[in-house]
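Beneath this line is the structure, given in structure tokens, with notes to follow.
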């Protein structure tokens, strides 16, 4: 029996953003708009990577349809790529990446020791609470 193809990319909205980030181990989010040339150029690169890395959630947010969400994420230029691991924003950068650049980024993000990241966040929260 053939395996069903996994959904390669999902569309996020204000209603699904937080749940997707919090319930997924690794999420890449592409903020884009239909009128944006660089966004259209980046779309096939993002789609190809989504098929290469089925363990990562690849999500797209249409900044025209989700203006409040784009504003809350401080999106000032598109495309902007954000990467979350275990609910933590590890990367946010505007500009379209080429395929090899996106693969390098994914490899680097996979290599992040999330136990260290969570410990740093906890230490910062404790320091903030005392000040």
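Just so it is clear, none of the values below were taken in a lab; they were calculated from the coordinates. Remember, predicted model here, so these are calculated numbers, not experimental data. Virtual Cβ from ideal backbone geometry, glycine too; neighbours counted across all protein chains shown.
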Exercise for the section: Give the angle, between 0 and 90 degrees and rounded to the nearest 10, that separates the Cα long axis of helix 99-110 from the longest principal axis of the Cα atoms of the chain. Expected result: 30 degrees
Practice task
Mind pulling the angle between the C-alpha long axis of helix 114-130 and the longest principal axis of the chain? Nearest 10 degrees, somewhere in 0 to 90.
Solution key: 50 degrees
Practice task
Pull up the DSSP beta bridges for the chain and report the antiparallel fraction as a percent, rounded to 5.
Solution key: 55 percent
Completion exercise
Note: residue 64 to residue 33 extended length (0.36 nm per residue) minus current alpha-carbon separation gives 10.5 nm
Fill in the blank from the handout: In nm, the gap between the two label points placed 7 Å beyond Cα toward Cβ at residue 115 and residue 55 is 1.7 nm
Practice task
Specify the angular offset, from 0 to 90 degrees and rounded to the nearest 10, of the alpha carbon long axis of helix 37-52 from the longest principal axis of the alpha carbons in the chain.
Solution key: 80 degrees
Exercise for the section: Could you rank the peptides 72-79, 115-122 by their average count of other C-beta atoms within 10 Å per residue, with the highest value first? Expected result: 72-79, 115-122
Completion exercise
Among [x] 38, 32, 27; [y] 50, 39, 28; [z] 94, 27, 22, the entry matching Cα extents along the principal axes in Å as calculated here is [y]
Completion exercise
The simple spin-label model distance between residue 74 and residue 41, using points 7 Å out along Cα→Cβ, in nm, is 2.6 nm
